[in-house]
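Enquirer: Could you have a look at this structure, given as structure tokens, before my questions?
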Amino acid sequence: MMFENFIRENRDTFIRKVNDIATMLSIKPEWLMFVMYFESRLNHKAVNPITKAAGLIQFMPLTAHSLGTTTDELLKMSNVEQLDFVYKYLKPYKGRMKRWIDVYLAVFYPAAMGKGDDYVIKNDLVARQNPIFDINKDLDISVSEIKKALQKHIPGEYRYLFS
């Protein structure tokens, strides 16, 4: 499984659960692993010091609250327990995540899911908080820019899963 070396605890159980979640969501498990790797390096204790987002997919505090928890509670959970909230978050998007980028966009900016590469997120704050995606530095982020930035983090042997 992709990025399994980054899983520090409960590796076998974690991978089984990722596979189960991917099946329930009708997505490839590698897509989900990549999103968690990119967002947190698969560290369920990761916290963004600026936004206070926390956990495997970097749950924002308001998002955690909408899921019936808090970022503090998420950080107390094991990586396997936290996957329940990853699933709970992604479940409403089942059927809309047809490409790997849609899985990422479900976490990053759901309004962009299913849109073409030329779709632009016109939000200065999002661009300032995520300069990695604003490749041309115009304070707009296109789906194409997000894909290009993310593809740099996909190991070569897995690129075929992300085309």
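The values are calculated or read from the model by the stated rules, or taken from the named source; none is laboratory data. This structure is a prediction, so every number in the text was calculated from the model and none was measured. Virtual Cβ from ideal backbone geometry, glycine too; neighbours counted across all protein chains shown. Note: accessible area is taken over every heavy atom of the protein model, side chains too, but ligands, DNA and RNA are not part of it. Shrake-Rupley method; radii C 1.70, N 1.55, O 1.52, S 1.80 Å.
Enquirer: May I ask you to verify whether Lys45 is farther than 24 Å from Asn5 by Cα and touching a helix residue (DSSP H, G or I) at 6+ places or on another chain (Cβ under 7 Å)? Before the answer, list the steps.
Expert: On the way: farther than 24 Å from Asn5 by Cα: no; touching a helix residue (DSSP H, G or I) at 6+ places or on another chain (Cβ under 7 Å): yes.
In short, no.
Enquirer: I've got another one for you. Could you tell me whether any residue of segment 144-162 is at pLDDT 95 or above, in contact with an Asp or Glu (Cβ under 6 Å, 6 or more places away or on another chain) and aliphatic (A, V, I, L, M)?
Expert: Of the residues in segment 144-162, the ones at pLDDT 95 or above are 144-150.
Now narrow it down to the ones that are in contact with an Asp or Glu (Cβ under 6 Å, 6 or more places away or on another chain): 144.
Filter once more, so that each one left must be aliphatic (A, V, I, L, M): none.
No, there is no match, as no residue in segment 144-162 is at pLDDT 95 or above, in contact with an Asp or Glu (Cβ under 6 Å, 6 or more places away or on another chain) and aliphatic (A, V, I, L, M).
Enquirer: Which members of segment 12-44 meet the condition of being charged (D, E, K, R) and buried (at least 16 other Cβ atoms within 10 Å of the Cβ)?
Expert: Initial filter on segment 12-44 (charged (D, E, K, R)): 12, 16-17, 20, 28, 30, 39, 41.
Answer for segment 12-44, where residues must be charged (D, E, K, R) and buried (at least 16 other Cβ atoms within 10 Å of the Cβ): Lys17, Lys28, Glu30, Glu39.
Enquirer: Looking at Pro92, Pro131, which is the one that is part of a helix (DSSP H, G or I) and open to solvent by 40 Å² or more (accessible area, probe 1.4 Å)?
Expert: Numbers: Pro131 fails: part of a helix (DSSP H, G or I).
None of the other options fit; the residue is Pro92.
Enquirer: Can you tell me how many residues within segment 75-124 are over 24 Å from Thr13 (Cα atoms), of a type in the set (Val, Ile, Thr) and under 15 Å from the mean Cα position of the chain (by Cα)?
Expert: Adding up the residues that qualify gives 1.
Enquirer: For Ile154, only one of the following conditions fails: (1) farther than 24 Å from Ile50 by Cα; (2) assigned to a helix (DSSP H, G or I); (3) of a type in the set (A, V, I, L, M). What is its number?
Expert: Against the list (1) farther than 24 Å from Ile50 by Cα; (2) assigned to a helix (DSSP H, G or I); (3) of a type in the set (A, V, I, L, M), Ile154 comes up short only on (2).
Enquirer: Quick check, is Thr69 surrounded by 19 or more Cβ atoms within 10 Å (Cβ to Cβ) and over 14 Å from Leu90 (Cα atoms)?
Expert: Working: surrounded by 19 or more Cβ atoms within 10 Å (Cβ to Cβ): yes; over 14 Å from Leu90 (Cα atoms): yes.
The answer is yes for Thr69.
Enquirer: Please name all residue pairs, on different chains or six or more residues apart, with Cβ atoms under 6 Å, provided the first residue is in segment 108-121 and is in contact (Cβ under 8 Å) with a residue 24 or more places away in the chain and the second residue is open to solvent by 50 Å² or more (accessible area, probe 1.4 Å).
Expert: Ala112/Tyr119
Enquirer: For segment 134-151, enumerate the residues that are surrounded by 14 or more Cβ atoms within 10 Å (Cβ to Cβ) and in a helix (DSSP H, G or I). Let's see the steps before the verdict.
Expert: Step one: list which residues in segment 134-151 are surrounded by 14 or more Cβ atoms within 10 Å (Cβ to Cβ), which gives 134-135, 139-147, 149-150.
Those that are surrounded by 14 or more Cβ atoms within 10 Å (Cβ to Cβ) and in a helix (DSSP H, G or I): Val143, Ser144, Glu145, Ile146, Lys147, Ala149, Leu150.
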